[in-house]
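Participant: This is the structure, below, for whatever I ask next.
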Amino acid sequence: MKDQITLHAKWVVKAPLNEVFYIMTDFEKWPEYFPKVAQSVQVIGHVENNFELTATVKSFGRNFPVKMKTQILAGRGFISDNESPKFGTSGHEELLLCELLEGTEIDYTYHRS
């Protein structure tokens, strides 16, 4: 049985919520926006706000494939259930946005089950 792990952080980006939302939900451009984290992302299907993605992500100096079932929350971010077949793990990810006077708060949680 794998250990459960939860990562959680909040930070503020000095940019309007709509700009942050656009970048965070432009999945296929993640490698351009976040080159240290995403090597490739492909949308392989979607119905309305529900997307199925395949990605190669970077972590701890290694690249590995991930399958993502992601729901865009209009103007608020996204939630995603992810599987990493290489490691036999799965997890739930939430990236939630909140507009503040000084910019946009990003509230990120990843829970590996």
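The values are calculated or read from the model by the stated rules, or taken from the named source; none is laboratory data. This is a predicted model, so every value here is computed, not measured. Cβ placement follows ideal geometry from the backbone for every residue including glycine, while neighbour counts extend to all protein chains displayed.
Participant: Out of 67, 86, which single residue is touching a strand residue (DSSP E or B) at 6+ places or on another chain (Cβ under 9 Å), among the charged types (D, E, K, R) and surrounded by 15 or more Cβ atoms within 10 Å (Cβ to Cβ)?
Facilitator: Numbers: 86 fails: surrounded by 15 or more Cβ atoms within 10 Å (Cβ to Cβ).
Of the residues listed, the single one that is touching a strand residue (DSSP E or B) at 6+ places or on another chain (Cβ under 9 Å), among the charged types (D, E, K, R) and surrounded by 15 or more Cβ atoms within 10 Å (Cβ to Cβ) is 67.
For (1) touching a Leu at 6+ places or on another chain (Cβ under 6 Å); (2) surrounded by fewer than 17 Cβ atoms within 10 Å (Cβ to Cβ); (3) among the β-branched types (Val, Ile, Thr); (4) within 16 Å of residue 112 (Cβ to Cβ), each residue gets a yes or a no:
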site: 19; (1), (2), (3), (4): no, yes, no, no
site: 22; (1), (2), (3), (4): no, yes, no, no
site: 32; (1), (2), (3), (4): no, yes, no, no
site: 47; (1), (2), (3), (4): no, yes, yes, no
site: 51; (1), (2), (3), (4): no, no, no, no
site: 63; (1), (2), (3), (4): no, yes, no, no
site: 74; (1), (2), (3), (4): no, yes, no, no
site: 77; (1), (2), (3), (4): yes, no, no, no
site: 82; (1), (2), (3), (4): no, no, no, yes
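Participant: Pairs, please: C-beta under 7 Å, at least 6 apart or cross-chain, first residue within 12 Å of residue 20 (Cα to Cα) and in the stretch 92-113, second among the small types (Gly, Ala, Ser) and surrounded by fewer than 17 Cβ atoms within 10 Å (Cβ to Cβ)?
Facilitator: Going by the 7 Å Cβ cut-off, the qualifying pairs are 103/15; 104/15.
Participant: Any chance the stretch 93-104 includes a residue that's at pLDDT 95 or above, crowded, with 17+ Cβ neighbours inside 10 Å and part of a helix (DSSP H, G or I)?
Facilitator: Looking for residues that are at pLDDT 95 or above, crowded, with 17+ Cβ neighbours inside 10 Å and part of a helix (DSSP H, G or I), one finds none in the stretch 93-104, hence no.
Participant: Would you point out the residue of the stretch 1-17, among those that are over 21 Å from residue 112 (Cβ atoms) and among the β-branched types (Val, Ile, Thr), that is surrounded by the most Cβ atoms within 10 Å (Cβ to Cβ)?
Facilitator: Once the filter is applied, the top-ranked residue is 13.
Participant: Hey, another quick one. Please go through the stretch 15-74 and pick out each residue that is of a type in the set (Phe, Trp, Tyr) and touching a helix residue (DSSP H, G or I) at 6+ places or on another chain (Cβ under 6 Å).
Facilitator: 33
Participant: Restricting attention to the stretch 61-91, report how many residues are under 28 Å from residue 105 (Cβ atoms), not in a strand (DSSP E or B) and not small (Gly, Ala, Ser).
Facilitator: 1
Participant: I'd like the full set of residues that are surrounded by fewer than 17 Cβ atoms within 10 Å (Cβ to Cβ), among the β-branched types (Val, Ile, Thr) and part of a strand (DSSP E or B), limited to the stretch 34-45.
Facilitator: Across the stretch 34-45, the qualifying residues are 43, 44.
Participant: Looking at (1) without any contact (Cβ under 8 Å) to a residue 60 or more places away in the chain; (2) not in a strand (DSSP E or B), which is the only condition residue 21 fails?
Facilitator: For residue 21, the failing item is (1).
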